[in-house]
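> Encoded as structure tokens, here's the structure I'll be asking about.
Laboratory data are not the source of any read-out in this text; all were calculated from the coordinates shown. Being a predicted model, the structure only gives us computed values, none of them experimental. Cβ placement follows ideal geometry from the backbone for every residue including glycine, while neighbour counts extend to all protein chains displayed.
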Amino acid sequence: MKSTRLIAAGVSAAALLALSGAPVQAQSSSGDISEIIVTAKRSNQTQVIRGGNLGALGDKLAADVPFAIKSYGSALILNQQPQTLGQVLENDPSIRTGYAYGNAAELFIVRGFPLFGDDIAIDGMYGLTPRQLVAPELYDQVQVLNGASAFLNGAAPGGSGIGGGVNLMPKRAGDQPLTRATLNFTGKEHFGGSFDVSRRFGDEGQFGVRINGAGRRGDAAIDNEYRNTYVLGLGLDWTGERARLSADIAYQRMHVDQLRPKVTLATTSIPRAPKADHNYGQSWNYTTLRDVFGKIRGEYDLTENITVFGAVGARDGSEKGVYDSITLLDVVTGAARGSGSYIPRTDNNEAAQAGVRMKLATGALSHEVNGGVSGVWQVNRNAYDFFTSYDTNLYTTPAVVQPGSAFAGGDLDDPFALSRTRLYSAYVSDTIGAFDDRVLLTVGVRHQVIRVRSYSYADGSFTGEYDESANSPVFGVVVKPVEGLSLYANRIQGLAQGPTAPVDSRLVNSGEVFAPYKSTQYEIGAKYDFGALTASLALYQTKQPSAFTRPVDAANPAGSLVFALDGEQRNRGIEFSLDGEVTEGLRLIGGATISEAKFRKTASGVNEGNDAIGVPDYTANANVEWDLPFLPDVTLTGRVVRTGEQKVNATNTLEIPAWTRFDLGVRYVTLLNERAMTLRFNVDNVANKRYWASSYDAFSTTLLQGTPRTFKLSTTIDF
């Protein structure tokens with residue numbers, strides 16, 4: 001604790017020294033000093049871009065497409081100092097973040113459906129992104145698409161993304177040279193820094209180079225939870241008269257010691273949350289993630305209105321970890337049962353896509369025709385070793401020696417392939433414009449093939465093959481009745497690999513493999529650009545099939561059973577978002593979502609009409625920045641995150657209450673040797689509130705605790 005105070009004091013002293021010295025420098029500088037500060041302030045302003053990459057349709061403005069899309073820019077990432085992708089997406093009122101499985105793996109709840117890390121795209125391509133945790137420093141934009149996207153991007157390899165998707169855009173060299181260095185500190189003892197350099201070369205700046213990286217390590221705000229992260233990215237691009245080429249390659253390594261796990265419930269009531277920074281994980285648990293990934297993309301203009309493009313990419317990923325989990329047995333005493341596992345894994349993925357975009361005209365109508373093909377190839381090598389259980393406690397957690405093995409599978413030293421996945425697709429679409437493109441009608445279809453070969457944990461021998469296909473159509477319309485207003489509607493589907501009936505002597509269809517199942521989304525909405533402000537409203541409904549076991553003969557429930565794809569989860573909701581400059585110097589990113597997620601058509605009516613697990617009744621966010629008029633170089637920041645009640649189990653007998661979190665901060669722009677310098681101080685969860693943040697889990701009844709009060713300091717200098 002003493003070392004923590006000394007470190008914090010040292011950082012604070014350095015910041016105060018810089019602040020006290022800045023006015024002297026400013027007084028002796030030339031007349032363009034104020035212009036440097038103004039430019040630095042503008043570059044630091046929070047960015048939300050209404051638009052993004054829509055896969056088959058290419059890069060689009062939100063106003064021109066019948067879908068809900070927006071992007072969070074690099075200034076927001078720099079100012080808020082997030083360490084994971086989930087901390088960036090905390091700004092979105094339609095998204096909440098949880099943990100997947102038992103390790104350090106973020107998942108995202110979008111419109112009430114999960115989005116796994118496996119299904120995050122980079123520049124519109126699946127299979128290239130690190131699958132568990134993503135360091136945000138490497139990316140220029142984090143693009144969020146609310147809603148299904150089987151036509152736009154194809155089936156997600158991990159089978160998620162029914163409610164929406166995330167696409168990451170790598171950094172590119174801009175028109176102006178950039179040399180930037182950042183130092184940062186996050187409580188309790190987590191230090192780091194980053195750099196970002198870009199240049200353009202050639203007579204007309206046709207060659208671009210951007211290299212950026214970050215490193216940080218130390219104890220996090222949760223007791224004894226240690227994290228380190230190292231990332232390095234290189235982006236190259238070239239623009240010719242008709243051709244454009246780009247290449248990206250990146251390295252990411254993230255390590256977590258003594259992760260605080262989720263809590264599985266074996267109780268009939270919800271426990272009170274432990275102290276906000278209490279860690280009930282064991283010291284022997286860790287996660288190590290290493291990824292090398294990259295891609296090459298090219299475009300060529302055959303004519304002024306016809307462009308062909310292609311891209312290839314690959315990822316080599318390695319995961320290793322000893323994980324532990326806790327199952328609560330007594331809500332009063334905190335008595336619990338612990339368990340652990342060792343799970344090594346490697347992934348080798350490749351992806352490719354090619355296509356053509358054409359702009360045509362037939363009489364008074366315009367056409368934008370898109371066509372293309374894509375492929376994703378994935379090999380997963382895996383093994384497991386599950387430990388014997390041990391006694392522990394949620395509130396007064398004892399240190400326990402790592403238990404011995406209970407049962408294992410696969411080759412722990414050199415895991416062999418357990419699955420080989422192939423995804424192929426071809427698509428075509430036409431966006432028809434009328435009345436000077438004030439009416440835009442989009443129709444299209446994607447044909448998707450999903451092939452999965454499975455292998456035994458025992459010896460790696462072939463056990464079965466899944467080979468199914470499906471068509472995913474899309475229909476959307478945009479109407480612009482007045483300047484700045486877009487009304488839209490869409491019908492689009494999600495697509496995922498179908499389930500396999502389990503092996504059971506009571507089933508009449510053991511081992512039956514079902515065709516890829518589709519979810520169907522209907523959505524209507526409006527977007528309005530006020531100039532400095534942009535607002536959007538969406539109403540949606542999505543139905544996703546679900547599988548369960550039921551009697552073959554309803555009159556004889558004790559007889560034979562059949563595994564059937566009969567049930568569904570129906571999610572309905574209303575989304576509102578608002579972002580931009582409310583008045584001069586006052587900026588806002590905000591919004592709210594009201595959700596209704598229900599189980600329907602369940603086996604024998606069990607849980608019929610109940611709320612889905614882990615889907616809040618409502619969510620709301622407000623992120624505010626205020627440039628103080630009496631201290632023009634100072635910006636105050638604040639954020640409030642509100643999340644409604646969440647059901648914890650399918651019977652709806654358990655529920656976690658609504659929670660609210662407040663974040664505060666300040667940003668100051670000054671000069672150091674005539675160089676723009678930005679100082680930031682943020683505090684997340686100012687009240688140090690203890691709360692259960694999420695109850696979503698695909699496999700069991702679990703709770704995820706919210707993070708404690710976290711202090712963040714950083715200094716950025718543009719050279």
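> Modelled label-to-label distance, Y384 and S419, 7 Å Cα→beta-carbon offset: nm?
1.2 nm
> While we're on this one: Going by Cα centres, the stretch 215-247 and the stretch 329-345 are how many Å apart?
After rounding, the separation between the Cα centres reads 34 Å.
> Then there's this: How high is the relative contact order of the chain, in percent, with contacts defined as C-alpha pairs under 8 Å that are six or more residues apart?
11 percent
> Gap in Å between the Cα centre of the stretch 570-617 and the Cα centre of the stretch 642-661?
Spelled out, the Cα-based centre of one part sits 13 Å from the other.
> Okay, moving on. Step through the residues of the stretch 349-354 one at a time and calculate ³J(HN,Hα) from phi using the Karplus curve (6.51 cos²θ - 1.76 cosθ + 1.60, θ = phi - 60°), rounding each to whole Hz and writing x for Gly and Pro.
10, 10, 8, 8, 8, 8
> Quick one: Karplus J couplings for the stretch 459-470, per residue in order, coefficients 6.51, -1.76, 1.60, θ = phi - 60°, nearest Hz, x for Gly and Pro?
Residue by residue, the stretch 459-470 yields 9, x, 6, 5, 10, x, 9, 10, 9, 9, 9, 7 Hz.
> Run the numbers on the stretch 338-449 and let me know its relative contact order in percent, using alpha-carbon pairs under 8 Å that are six or more apart.
30 percent
> Highest mean first, how do 174-183, 286-295, 125-134 rank when packing is the count of other Cβ atoms within 10 Å averaged over residues?
With the highest mean Cβ count within 10 Å placed first, the list reads 125-134, 286-295, 174-183.
> Under the Karplus relation 6.51 cos²θ - 1.76 cosθ + 1.60, θ = phi - 60°, what is the ordered set of whole-Hz ³J(HN,Hα) values for the stretch 442-454, x standing for Gly and Pro?
Each residue of the stretch 442-454 in turn: 10, 10, x, 8, 10, 9, 10, 10, 10, 10, 9, 9, 10 Hz.
> May I ask for the percentage of alpha-carbon pairs in the stretch 251-293 that lie more than 17 Å from each other?
52 percent
> Also, quick follow-up: In what sequence, highest mean first, do 306-315, 624-633, 246-255 appear when ranked by Cβ atoms within 10 angstrom?
With the highest mean Cβ count within 10 Å placed first, the list reads 246-255, 306-315, 624-633.
> Also, I was wondering about something else. Multiply the residue separation of K275 and R506 by 0.36 nm, subtract the distance between their alpha-carbon atoms, and state the gained length in nm to one decimal.
Full extension from K275 to R506 adds 78.4 nm.
> Here's something else I'd like to know. If I model a spin label as a point 7 Å beyond the Cα along the Cα-Cβ vector, how far apart are those points for D391 and V209 in nm?
About 6.4 nm separates the two model spin labels.
> After finding the eigenvalues of the alpha carbon gyration tensor for the stretch 2-718, what semi-axes result from the square roots of 5 times each, listed largest first in whole Å?
39, 35, 25
> Which pairs, out of K60/K480; K171/K712; K543/K601; K295/K359, put more than 18 Å between their alpha-carbon atoms?
Checking Cα-Cα distances, K171/K712; K295/K359 exceed 18 Å.
> Sorting check: for 264-270, 231-237, which peptide has the highest mean count of neighbouring beta carbons within 10 Å, and how do the rest follow?
Sorting 264-270, 231-237 by mean packing, highest first, produces 231-237, 264-270.
> What is the spin-label model distance, in nm, from E608 to E241 if the labels are put 7 Å beyond Cα along the C-beta direction?
Placing both labels 7 Å beyond Cα along the Cβ direction yields 7.1 nm.
> Give the relative contact order (percent, whole number) for the stretch 441-530; include only Cα pairs under 8 Å separated by 6+ residues.
26 percent
> Just report the Cα centroid separation between the stretch 94-152 and the stretch 426-504, whole Å.
For the stretch 94-152 versus the stretch 426-504, the Cα centre distance is 17 Å.
> Fully extended, how many nm does the chain gain between F435 and V308 (0.36 nm per residue separation, minus their Cα-Cα distance)?
42.9 nm
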